[in-house]
Amino acid sequence: MNRVARHFYVEGLKVLEEDVADHATIDELLESSGFRMGPFRLMDLIGVDTNFSVTTSMFHSFHQDSKFRPNRIQQKLVDAGHHGRKSGKGFYSYE
């Protein structure tokens, strides 16, 4: 599951990092294409910290294969304590 699904998050983060679109637009595009949630809403639901931890684990498990590389945007959110819904802030704010 993680080997396949991880790319949903990693590629979403790459598109965000490359400034192609903001996180809300990326989510909206994927949701309008049939996904129940975009990668950023889903990371906030799961926990940005939990998702980052799994991505890091996958990266090491697959011998630092670049397709599993953790993203610095996610690292910054984790470092700031913005873990998603459970902390009240992630890619989105929950007040």
Among Gly47, Gly81, Gly12, which one shows the highest mean-square fluctuation when the chain is modelled as a Gaussian network with alpha-carbon springs under 10 Å?
Gly81
What list of ³J(HN,Hα) couplings, whole Hz, do you get for segment 16-21 from phi and the Karplus terms 6.51, -1.76, 1.60, once you set θ to phi - 60° and write x for glycine and proline?
5, 4, 7, 6, 6, 7
To the nearest 20 Debye, how big is the dipole of the chain about its Cα centre, given +1 on the beta carbon of each Lys and Arg and -1 on that of each Asp and Glu?
380
Rounded to the nearest whole number, the Stokes-Einstein translational diffusion coefficient of segment 2-87 at 4 °C and 1.567 mPa s (Kirkwood radius, C-alpha pairs) in µm²/s is 100
Of the residues Leu42, Ser61, Gly84, the Cα lying farthest along the dipole of the chain towards its positive end, which is defined by charges on the beta carbon of Lys, Arg, Asp and Glu, belongs to Ser61
Relative contact order of the chain (C-alpha contacts under 8 Å, at least 6 apart) in percent is 28
With viscosity set to 0.692 mPa s and temperature to 37 °C, compute the Stokes-Einstein D of segment 1-43, Rh being the Kirkwood radius across alpha carbon pairs; µm²/s, no decimals.
319
Compare the peptides 20-29, 36-45 by average per-residue count of other Cβ atoms within 10 angstrom and give them in order, highest first.
36-45, 20-29
Express in nm, to one decimal, how much length is gained between Arg72 and Lys86 on full extension, taking 0.36 nm for each residue of separation and deducting their alpha carbon distance.
3.0 nm
For Lys89, which sequence-distant residues (separation of 5 or more, or a different chain) have an amide H within less than 5 Å of its own amide H, given hydrogens modelled in the peptide plane?
His83, Gly84, Tyr94
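Every read-out reported here was derived from the displayed coordinates using simple, explicitly stated rules and does not represent laboratory data. What you are looking at is a predicted structure, and each value in this text was computed from that prediction instead of being measured. Here the Cβ is made from the backbone with ideal geometry for all residues, glycine too, and neighbour counts use every protein chain on show.
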